[in-house]
Amino acid sequence: MIRSFVTAAIAILALQTPPVAKAPTQPELPKPVILYEEALDAGGLTALAKLGAQRYFVVYQNNADPDAQKTGVIDPSKVARYVAKTQGDTPEGWGVLDFEDPFDNMLQKDPTSEQSKAAVKSMVETIRVMKRAFPRVRWTYYGMPGLKYYLPDGDWSKASARSKAAEVEHQLAAYGPVLSECDWLSPCVYYTVGDKQSSKISSSYIREATRAWIAERTAMCVRFAAKLGRPVPVIPFASPLYMPGGGSRAFSVIPGNVLEEDTLVPMLKGGAAGFCMWTGATNFIGVATGARPGDTMTEGGGKSGLIKTWAEDLGVRPAELEGEGGRELLTRMISQAQVSMANAARRRWNEPAGTPAP
């Protein structure tokens, strides 16, 4: 009976368009804010809890409203029902709306275009419904705003100041109306190019350019948030694993010193309140160990590439990653990487002012 009432209330909320109420007073944020979607084992969960880490949840569009990918319009009532079903009637904490396709492409059009206006209208309506239906959750949209690493006149280090300023202005204009509705901002600063293999460009140059790009992608959000007249922390998505897209060994664990120097420190310099950790580990471990035989993946060389990379990292034969034994090995490896990243962030964010950067 209660669930039926909540579902009906959500449907009514989706049809209403009153002014959005101010978010309830929030407690002071920890320093840094460390968010995680999944802790892979009991030891990792305990360690993250001791560091003050908090759980966040993601509303993936393919689960909540798969039709949105085709229509370019989000159905807020579907999304709200999905949240109630998966998180309960009164969820709390940090919530992420992950609606990327086709919305990112629509928003990249001229802000006066019909496509951009349609995306803004749908996304604003949806997050407003989420705020009314689940007021104890701090809501954001995943990965916004964008920021290109490669510009017409070079990568982020070589491009002119004018070119970089134009790119920042374009992205904030494109995403601004949606960002203005968010309770926190979560740009993506996944590490993809820092260890590019077989490149004619020196590793030190690529790492330096990556640091500058991460710092600016964070800082542009901090500058935008400062103009909103309310506390809107910037908590970028980052990972202890290399992500595909820039020539790295995708999904390999990033060495601690590289992760700290090239991801955590640039975020801190940019003004981030902390970071939001994503690994996709449960899914990827399932693929690698054969626990999800029906799942496929194309990122990072596909399943075979994933198994090869992780076997090399662990110093085992690929066959040893199959089954329960492989799951235990991979769970331990990634759980330790998560805790190490959180520990490094805790230390870096609480260093005395003026501590030399690496």
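The values are calculated or read from the model by the stated rules, or taken from the named source; none is laboratory data. Given the structure is predicted, the values throughout are model-derived calculations rather than measurements. Neighbour counts are summed over all protein chains in view; Cβ atoms, including those assigned to glycine, are modelled from backbone coordinates with ideal geometry.
When Gly315, Gly302 are checked against the criterion of being within 27 Å of Ile206 (Cα to Cα) and surrounded by fewer than 15 Cβ atoms within 10 Å (Cβ to Cβ), Gly302 stands alone in meeting it.
Among residues belonging to segment 81-125 that are in a helix (DSSP H, G or I) and free of Cβ contacts under 8 Å to residues at least 12 places away in the same chain, point out the one that is surrounded by the fewest Cβ atoms within 10 Å (Cβ to Cβ).
Glu114
Within the span defined as segment 10-32, one or more residues are modelled with pLDDT of 95 or more, in a loop (DSSP other than H, G, I, E, B) and in contact with a helix residue (DSSP H, G or I) (Cβ under 6 Å, 6 or more places away or on another chain).
In this entry, Arg128 is excluded by the filter for residues that are at pLDDT 95 or above, part of a strand (DSSP E or B) and not β-branched (Val, Ile, Thr).
Quick check on Thr298: is it touching a Lys or Arg at 6+ places or on another chain (Cβ under 6 Å) and farther than 28 Å from Ala53 by Cα?
Details: touching a Lys or Arg at 6+ places or on another chain (Cβ under 6 Å): no; farther than 28 Å from Ala53 by Cα: yes.
Here the answer is no, as Thr298 does not meet what is asked.
In segment 260-274, which residues are of a type in the set (A, V, I, L, M, F, W, C) and assigned to a helix (DSSP H, G or I)?
The first filter runs over segment 260-274 and keeps only residues of a type in the set (A, V, I, L, M, F, W, C), leaving 264-265, 267-268, 272-273.
Correct list: Leu264, Val265, Met267, Leu268.
Would you check which residues across segment 42-67 are without any contact (Cβ under 8 Å) to a residue 40 or more places away in the chain, in a helix (DSSP H, G or I) and out of contact with any helix residue (DSSP H, G or I) (no Cβ under 6 Å at 6 or more places or on another chain) and list them? Passing the criteria: Ala42, Leu45, Thr46, Ala49, Lys50, Asn62, Asn63.
Inside segment 131-155, can you point out the residues that are outside any helix (DSSP H, G or I) and among the basic types (Lys, Arg)? Even if it seems obvious, please write down each step before you answer.
First pass over segment 131-155, keeping only residues outside any helix (DSSP H, G or I): 134-155.
Of everything in segment 131-155, those that are outside any helix (DSSP H, G or I) and among the basic types (Lys, Arg) turn out to be Arg136, Arg138, Lys148.
Going residue by residue through segment 251-259, is there one that turns out to be aliphatic (A, V, I, L, M), assigned to a helix (DSSP H, G or I) and at pLDDT 90 or above?
Yes, segment 251-259 has at least one match.
Residue-level check: of (1) under 29 Å from Leu45 (Cβ atoms); (2) of a type in the set (Ser, Thr, Tyr); (3) surrounded by fewer than 23 Cβ atoms within 10 Å (Cβ to Cβ); (4) modelled with pLDDT of 85 or more, Ser239 misses just (3). Checking every residue in segment 135-147 against the condition of being on the phi > 0 side of the Ramachandran plot and surrounded by 15 or more Cβ atoms within 10 Å (Cβ to Cβ) gives at least one match. Look at segment 197-218: where a residue is surrounded by 13 or more Cβ atoms within 10 Å (Cβ to Cβ) and in a helix (DSSP H, G or I) and a partner is modelled with pLDDT of 85 or more and among the charged types (D, E, K, R), sitting 6+ places away or on another chain with Cβ atoms under 7 Å, you get Arg207/Asp262; Ala209/Asp155; Thr210/Asp262; Arg211/Asp262; Ala215/Lys269. Condition first: outside any helix (DSSP H, G or I) and more than 22 Å from Gly271 (Cβ to Cβ). Can you find one or more residues in segment 161-184 that meet it? Among the residues of segment 161-184, not one is outside any helix (DSSP H, G or I) and more than 22 Å from Gly271 (Cβ to Cβ), which makes the answer no. Sub-9 Å Cβ pairs linking a first residue in segment 165-188 that is free of Cβ contacts under 8 Å to residues at least 24 places away in the same chain to a second residue that is among the polar types (S, T, N, Q), at least 6 apart or interchain, are His170/Gln108, ordered by first then second residue.
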